[in-house]
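Q: This is the structure I want to talk about, given as structure tokens.
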Amino acid sequence: MKYVVTGATGFLGRALCLRLLEQGHEVVALSRSAEKARKLLGDGVTCYAWLGSASKEWKASLHGAEVVIHLAGEALASQRWTPEFKQLLTTSRVDSTRQLVLALRDAEPRPKTLISASAVGFYGNRNDETITEESPAGSGFLADLCQKWEAETQRASEYGVREVRLRIGVVIGDGGSLEKILYPLPIPISPWKLGLGGRLGSGKQWLPWVHIEDVAGLCLWAAKSPEVNGAINAVSPHPVTNAEFSRALGGVLKRPTRLPVPAFALRLLLGEFADVVLDGQKVLPNVAQRLGYSFRYREIGEALASVLLPHS
């Protein structure tokens, strides 16, 4: 099968492209820099620059593709949420999805399936409420952003393209959110490995997490399962509280976790993004489980060990 992947040089995109290549699929990567993509992904992937590029090659690459997987978007935690950065977050998700869907409309033959990333931030802060795909959207900047993002994805159905929206939790892998947790300061020293880690705020907030191999697995499963349509919560069946996550991380690293980070310190360090860290969502993957996806990593300790122990 021919897959087109946007955001292919990112944390999730690289892992997904590797899995696709291992399975013998034809992979086309769309990236802001085709040269960077070629260096990172190797000769087995065809790479094109997209969106800002004057080249029309990326649009032509959609012709005859069976599946398009849309992972592009500026990282949420890459800097403080200034008004300018919030606009960049919106543009990198909403505008790029709009352009991609319009290109799908014009492709001949059109891809059969569009799988687009979204986030559990769609649900906003829900405290201890159990959340499924049927739960309504929440409020706040991130929830509003996710709603706009998903609305653009849903337009693909108007052109006969099956659309799947993966509402992704905190991804456990070699990099990404876990790296931000382990190295929160701009120095190459992890407070966790020094025994100086601990819960964030009260620690009672729920943390919907998912292993990176299951994000890739859900993408491939959704691509091959025509009954999968609409929103899918890409999270482990066993969410944990932040305190439970901290204890599991300390256990894997064999370090104590007795130094909590107070909420006010997080707000000083992260600004508005601290609310995302301090709020919680007890999200469950009801649709994936009902339709038969089998999670490889269901427990947080096992997931953390799979990433950290080979490097410790």
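The values are calculated or read from the model by the stated rules, or taken from the named source; none is laboratory data. Source: prediction; values computed, not measured. As a convention, Cβ positions derive from the backbone with ideal geometry for all residues, glycine included, and neighbour counts pool all protein chains shown. Accessible surface is based on the protein model in full, side chains and every heavy atom, while ligands, DNA and RNA are left aside. Shrake-Rupley method; radii C 1.70, N 1.55, O 1.52, S 1.80 Å.
Q: For segment 231-260, which residues satisfy the criterion of being open to solvent by 10 Å² or more (accessible area, probe 1.4 Å), under 30 Å from LEU71 (Cβ atoms) and of a type in the set (A, V, I, L, M)?
A: ALA231, VAL240, ALA248, VAL252, LEU253
Q: Taking the options TRP192, TRP149, name whichever one is within 24 Å of LEU278 (Cβ to Cβ), open to solvent by 10 Å² or more (accessible area, probe 1.4 Å), touching a Lys or Arg at 6+ places or on another chain (Cβ under 7 Å) and modelled with pLDDT of 95 or more.
A: Checking each option against the conditions leaves just TRP149.
Q: Oh, and also: Give the residue that is surrounded by the fewest Cβ atoms within 10 Å (Cβ to Cβ), with candidates limited to residues of segment 261-299 that are among the aromatic types (Phe, Trp, Tyr) and under 23 Å from ILE131 (Cβ atoms).
A: That would be TYR293.
Q: If you don't mind, another one. For segment 85-139, enumerate the residues that are of a type in the set (Gly, Ala, Ser), surrounded by fewer than 22 Cβ atoms within 10 Å (Cβ to Cβ) and touching an Asp or Glu at 6+ places or on another chain (Cβ under 7 Å).
A: SER92
Q: Just checking, does segment 177-186 include any residue being more than 23 Å from the chain's Cα centre (by Cα) and not in a loop (DSSP other than H, G, I, E, B)?
A: Checked segment 177-186: no residue is more than 23 Å from the chain's Cα centre (by Cα) and not in a loop (DSSP other than H, G, I, E, B).
Q: Look through segment 57-69, keep the residues that are touching a residue at least 12 places away in the same chain (Cβ under 8 Å) and farther than 17 Å from HIS25 by Cα, and return whichever of them is surrounded by the most Cβ atoms within 10 Å (Cβ to Cβ).
A: My answer is TRP58.
Q: Any idea which residue in segment 202-230 is surrounded by the fewest Cβ atoms within 10 Å (Cβ to Cβ), counting only those that are within 17 Å of LEU178 (Cα to Cα) and of a type in the set (D, E, K, R)?
A: Top of the filtered list is GLU213.
Q: Across segment 70-84, which residue is surrounded by the fewest Cβ atoms within 10 Å (Cβ to Cβ) among those that are aliphatic (A, V, I, L, M) and farther than 21 Å from ARG155 by Cβ?
A: ALA75
Q: Please go through segment 300-312 and give me each residue that is of a type outside the set (A, V, I, L, M) and either open to solvent by 90 Å² or more (accessible area, probe 1.4 Å) or within 18 Å of the chain's Cα centre (by Cα) (or both), ordered by number.
A: Within segment 300-312, GLU302, PRO310, HIS311, SER312 meet the criteria.
Q: Assess whether LEU178 counts as being aliphatic (A, V, I, L, M), open to solvent by less than 10 Å² (accessible area, probe 1.4 Å) and touching a residue at least 12 places away in the same chain (Cβ under 8 Å).
A: Against the criterion (aliphatic (A, V, I, L, M), open to solvent by less than 10 Å² (accessible area, probe 1.4 Å) and touching a residue at least 12 places away in the same chain (Cβ under 8 Å)), LEU178 qualifies.
Q: Limited to segment 105-125, what total is found for residues that are in contact with a helix residue (DSSP H, G or I) (Cβ under 6 Å, 6 or more places away or on another chain), part of a helix (DSSP H, G or I) and either hydrophobic (A, V, I, L, M, F, W, C) or touching a residue at least 60 places away in the same chain (Cβ under 8 Å) (or both)?
A: 2
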